[in-house]
1. Report the net charge of residues surrounding PRO80, where surrounding means a beta-carbon distance below 11 angstrom and charges are Lys +1, Arg +1, Asp -1, Glu -1.
2. What GluC sites (Glu not before Pro) does region 1-105 have in DSSP loop regions with at most 12 other beta carbons within 10 Å?
3. For the chain, modelled as a Gaussian network with Cα springs under 10 Å, which listed residue fluctuates most, LEU68, LEU82, LEU52?
4. Can you work out the Karplus-derived ³J(HN,Hα) for every residue in region 62-68? Use 6.51 cos²θ - 1.76 cosθ + 1.60 with θ = phi - 60°, whole Hz, and x for glycine or proline.
5. In what order do ILE50, ILE25, ILE33 fall by count of nearby beta-carbon atoms within 10 Å, going from fewest to most?
6. Return the Cα extents of region 1-81 along principal axes one, two and three, sorted largest first, each rounded to a whole Å.
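Only the coordinates and a few stated rules stand behind these numbers; no lab work does. Keep in mind that what you see is a predicted model, and the values were worked out from it rather than measured. Here the Cβ is made from the backbone with ideal geometry for all residues, glycine too, and neighbour counts use every protein chain on show.
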Amino acid sequence: LFADESCVAEADVEKCHNHFHGINIKLTKCSGITPARRMITQARALGMKIMLGCMNETSIGTTAIAQLAPLTDYVDMDGPLLLAEDIATGVSFDNGKILYTDLPGLGLEVHRF
């Protein structure tokens with residue numbers, strides 16, 4: 001059983017510890033990569049499982065999520081699949097594996113409009 005909306009900030013991790021097996025961290029809800037990283041560290045110290053989730057992020061958001069994926073147990077990065085048009089190209093997927101690019105920074109390219 002994972003906390004989703006019950007765990008959107010660093011202060012929520014401790015509160016969820018005795019009620020859930022793990023937490024679902026969404027970068028758009030917790031304010032980004034740095035707070036998410038701290039939540040992962042905190043949850044691991046408490047022996048909790050970790051999932052990274054998304055809402056309807058473009059490839060910019062999912063590529064940011066992918067940077068933390070090796071630290072987690074489960075990942076949900078289907079946001080770009082729900083969009084008619086994506087504004088960027090970032091990580092891709094092959095049989096459940098995340099394929100990172102060789103691009104600098106987060107590893108993505110933003111398309112011009």
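1. On the way: positive: none; negative: GLU57, ASP78, GLU85, ASP86.
Its environment carries a net charge of -4.
2. On the way: sites: GLU5, GLU10, GLU14, GLU57, GLU85; in loops: GLU5, GLU57, GLU85.
Answer by residue number: GLU5, GLU85.
3. It is LEU82.
4. Listing the rounded values in order: 6, 5, 5, 4, 4, 5, 9 Hz.
5. Values: ILE50 23, ILE25 26, ILE33 14.
Listed from fewest to most nearby Cβ atoms, that is ILE33, ILE50, ILE25.
6. That gives 34, 20, 19 Å along the principal axes, largest extent first.
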